[in-house]
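This is the structure, below, for whatever I ask next.
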Amino acid sequence: MSKIYQIIFIAMVVMSCSKNEKPVNLGFKVSDLQTEETEAKIQELVAKMTLKEKAGQMLNIGLPLILKGEYWDVRDSVNFDAKKFKKIIIDYAVGSIHNTPQYPASREEWFRIVKKIQDSAMQNSRLGIPVLYGIDNIHGANYVNGSILFPHQIGVAATWNIELSKLGGEITSYESRAASLPWNFNPNADVAMNPIWGRIAESFGEDPYLISEMTNAYIQGSQEKGLQDKTSTAVCVKHFVGYGAGRNGKDRANAQIPENSLRQYFLPPFEKAIQNGAMGVMISSNAVNGIPCHLNKNYITDILKGELKFKGVVISDFNDVEFLIDAHESAKDTREATKFAVNAGIDLLMNPFDADIVDIIVDLVEKGEISKERIDDAVTRVLRLKFYLNLFEKPYNNPNEYPDFGSEKHIAINYQTASESITLLKNKNKVLPISSDKRILVTGYAANSINRLNGAWSRSFLGRDTIYNDPSKLTVIQAIKKQVGATKVDFVEGTDYLEDINSDLAVSKAKNADYIIVCVGEIPASEKPSDINELELPKVQQDLVKKLAKTGKPIILVMVQGRPRIIREIEPFVDAVIMAYLPGQEGGRAISDVIFGNINPSGKLPYTYPMYSGNSLTYYYKKADIRDINWGYDGFYPQYEFGFGLSYTTFEYTNLKVSKDTVVGKEDLKISIHVKNTGKREGKEVIQVYLKDLIATVSPDSKKLVRFNKIQLLPNETKTIEFVLVTKDFENVGIENKWIVEDGDFEVQIGGNSKDVLKQKVYFKN
């Protein structure tokens, strides 16, 4: 792509986002499809179905189940097993399929796979019902070869640019539909409260409001043209609810969530997602308060389907009905687990390895252990989504009708997202940006790997297979060499993830360098493989930094990781710290452009970066949480605050004004602030608005994020930024577990992060 095109496009994106205080309204509403005619068709079809056919619609299997060989066999082509295919697709009339053939197929291959399945289901089964194909397209259409691989969600959150989340959803949907994949098990709306959790990378961070806005924007991008549009996918928001709150931070770990916390922090992102058209919700694998979510009728039926009025499909996570037996020990066998899950309200059971669950459901209904009404409700929901996606008329898509698949336009948006995600956390004596005429040593575990930039869910589940990497994409070292010339750059591996390779050689080479760039990071992983036992960055990677520091040369630390690894011991030894998260295919280029000043960093932390693993609090802690050993209230000391991020310019906040000193009832509160670029180069700033309830019956949070806006300013330019707060913003969940606002003082706080803010007190009166 030409530089001119890229600059023009990026400018358009920036101009668009700088005006956005809130995501724009959907051009499409799911309710538009809820016609009497559609519902009549659904009910007519349900009435024709046998009990076994209904049970078949409630089954979601893994694609390898109908392929030749064992489920987990490594494959390089798709060969259907005729016998298994007929049993599952035709005899059982399976409702849904997920997963891949164990390799990333091209969009043309996906078309052939889906066409074979759909043609057989619609032409050879009794009622001709299409299959609903779902897939984990986590950061792009990651299982479709040649597609865009975006930064993971945590990086998108770090942009604080809702337009980029929207564009990410739009492109992912477009490229998914190019492969005839209409249902995406994404976005992740989990609230990531425990920093050791391995799936933080797949979340939008720790703040419910930021998560809600980013999730909503992604849904807009995915669905706003209407679910029947050939470029739209239906989203499946996950994981309901409390997946990110495991007590020990391990995958699928149990959580303790009181009712008021559930409603204050965990439900809002799902509520907004449902209000804005989400037609799929995936249930969390863990247990909350000792009750496995997959059998929690209160969560699924009473709250999700009742209170939140969710009309879409509730699907279990991978093999989690069996998880009720093996892990939770809440069911004695598959039959009992199935009964519990269906009666709790799950409509579609992801049972990847066999179809026995169909016969089990039939038996449970015939014996009166599951009502016919519950089955009809589940089947109605599954069929409704199929009708909304127009699968009865167009069950697959021509891959040649998607000219923008993997296009330069899509690459430009990906690069913009990666660039805006990168967060500068330290810049001692303005060591960055580096002049391109300097000699550079690049070293470290993450310096020369596309896989470590992409993370998990990248062509393969764990993203570790190098065979599928796009050779045109640059690692950090490759991008730096391209930037300044290979003759000015030395590269030494230094360390593996846990082992020293040649750190002494790195120290030797450093003697001839003007600057040292150390790229540390994590092994690509998700789910159980992402579990770790300590939050500290591995010792061998820290030791590399300590050895290099003895040379006296300036060190730039680049962290390629989804979660915040503890760097307390090495932070004093480095001159600059860059958080790159898992920046995707364009990450190497974006990191290099930030280091050498082609990009002015504008990312802000979407989580609190802890200094100690034993003092890991979210920014919205309670005052009692920070009581220190001297009985004071100075016990919150993160490495970096939530919302923090530096720029190569500086910004000044002045003239905070509120429209009134007292807010009465349903009145709005208007806020304005002057923001000035006081530096010498153009830059982007995220204005963050927080509210602090000074006194409340339920101990109030230190503050909560209620608005944000990302703007762009020229040197010496000042803009007046305005926000409007409504009654809902002042509310918190009270002692009776209902949203209320009590009469009293609130503090409006506004600034470039959660700590450095201007304050203005207002009084709220009901």
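The values are calculated or read from the model by the stated rules, or taken from the named source; none is laboratory data. This is a predicted model, so every value here is computed, not measured. So basically every Cβ, Gly included, is an ideal-geometry build from the backbone, and we count neighbours across all protein chains shown.
Here are some residues: Pro269, Pro258. Which one is modelled with pLDDT of 95 or more, closer than 13 Å to Ile219 by Cβ and not hydrophobic (A, V, I, L, M, F, W, C)?
Pro269
Something else about it: When you look at Lys272, is it closer than 26 Å to Leu364 by Cβ and either in contact (Cβ under 8 Å) with a residue 60 or more places away in the chain or basic (Lys, Arg) (or both), yes or no? Outline the logic, then answer.
Details: closer than 26 Å to Leu364 by Cβ: no; either in contact (Cβ under 8 Å) with a residue 60 or more places away in the chain or basic (Lys, Arg) (or both): yes.
So Lys272 fails the test.
While we're on this one: Looking at (1) in contact with a strand residue (DSSP E or B) (Cβ under 7 Å, 6 or more places away or on another chain); (2) outside any strand (DSSP E or B), find the lone condition where Gly205 falls short.
All conditions are met except number (1).
Given Gly603, Gly635, which one is over 17 Å from Glu536 (Cβ atoms), in contact (Cβ under 8 Å) with a residue 60 or more places away in the chain, outside any helix (DSSP H, G or I) and of a type in the set (Gly, Ala, Ser)? Full working, then the answer.
On the way: Gly635 fails: in contact (Cβ under 8 Å) with a residue 60 or more places away in the chain.
Exactly one residue qualifies, and that residue is Gly603.
Could you pull out the residue among Lys684, Lys670 that is closer than 19 Å to Asn161 by Cβ and not in a loop (DSSP other than H, G, I, E, B)?
Values: Lys670 fails: closer than 19 Å to Asn161 by Cβ.
Of Lys684, Lys670, the one residue that is closer than 19 Å to Asn161 by Cβ and not in a loop (DSSP other than H, G, I, E, B) is Lys684.
Given the criteria crowded, with 23+ Cβ neighbours inside 10 Å and not assigned by TED's automatic domain parsing to the domain that holds Phe204, does Tyr609 qualify?
In short, yes.
Can you tell which of Asn145, Asn184, Asn188 is outside the structural domain of Ile687 (by TED's automatic domain parsing), surrounded by fewer than 24 Cβ atoms within 10 Å (Cβ to Cβ) and touching a Ser or Thr at 6+ places or on another chain (Cβ under 7 Å)?
Details: Asn184 fails: surrounded by fewer than 24 Cβ atoms within 10 Å (Cβ to Cβ); Asn188 fails: surrounded by fewer than 24 Cβ atoms within 10 Å (Cβ to Cβ).
Being outside the structural domain of Ile687 (by TED's automatic domain parsing), surrounded by fewer than 24 Cβ atoms within 10 Å (Cβ to Cβ) and touching a Ser or Thr at 6+ places or on another chain (Cβ under 7 Å) holds for just one of Asn145, Asn184, Asn188, which is Asn145.
Continuing with this model, one more query. Provide a single number: the residues in segment 405-419 that are touching a residue at least 60 places away in the same chain (Cβ under 8 Å) and either touching a Pro at 6+ places or on another chain (Cβ under 9 Å) or among the hydroxyl-bearing types (Ser, Thr, Tyr) (or both).
The initial filter retains those residues of segment 405-419 that are touching a residue at least 60 places away in the same chain (Cβ under 8 Å), namely 405-406, 408-419.
Pick out the ones that are also either touching a Pro at 6+ places or on another chain (Cβ under 9 Å) or among the hydroxyl-bearing types (Ser, Thr, Tyr) (or both) and you get 405, 414-415, 417-419.
Looking only at that region, the number is 6.
Let me ask something else about it. I'd like to verify a number: residues in segment 571-580 that are crowded, with 22+ Cβ neighbours inside 10 Å and under 16 Å from Leu535 (Cβ atoms), how many?
Residues that pass the stated criteria total 1.
I'd like to verify a number: residues in segment 466-519 that are assigned to a strand (DSSP E or B) and among the aromatic types (Phe, Trp, Tyr), how many?
Of the residues in that region, 2 qualify.
Does Gly614 count as without any contact (Cβ under 8 Å) to a residue 24 or more places away in the chain and not hydroxyl-bearing (Ser, Thr, Tyr)?
Spelling it out, Gly614 is indeed without any contact (Cβ under 8 Å) to a residue 24 or more places away in the chain and not hydroxyl-bearing (Ser, Thr, Tyr).
I need a count of the residues in segment 55-70 that are buried (at least 24 other Cβ atoms within 10 Å of the Cβ) and not hydrophobic (A, V, I, L, M, F, W, C).
3
While we're on this one: Against the definition (small (Gly, Ala, Ser) and within 26 Å of Glu322 (Cβ to Cβ)), how does Gly168 come out, yes or no? Spell out the reasoning first.
Numbers: small (Gly, Ala, Ser): yes; within 26 Å of Glu322 (Cβ to Cβ): no.
No, not satisfied.
Do we find that Leu391 is assigned to a strand (DSSP E or B) and buried (at least 17 other Cβ atoms within 10 Å of the Cβ) in this structure?
Criteria not met by Leu391.
In addition: With respect to the numbered conditions (1) within 32 Å of the chain's Cα centre (by Cα); (2) β-branched (Val, Ile, Thr); (3) loosely packed, with under 13 Cβ neighbours inside 10 Å, which one is the sole condition not fulfilled by Thr654?
Only one criterion in (1) within 32 Å of the chain's Cα centre (by Cα); (2) β-branched (Val, Ile, Thr); (3) loosely packed, with under 13 Cβ neighbours inside 10 Å is unmet by Thr654, namely (1).
Condition check: among the polar types (S, T, N, Q), buried (at least 17 other Cβ atoms within 10 Å of the Cβ) and either farther than 19 Å from Leu149 by Cα or assigned by TED's automatic domain parsing to the domain that holds Tyr143 (or both). Does Thr495 satisfy that?
yes
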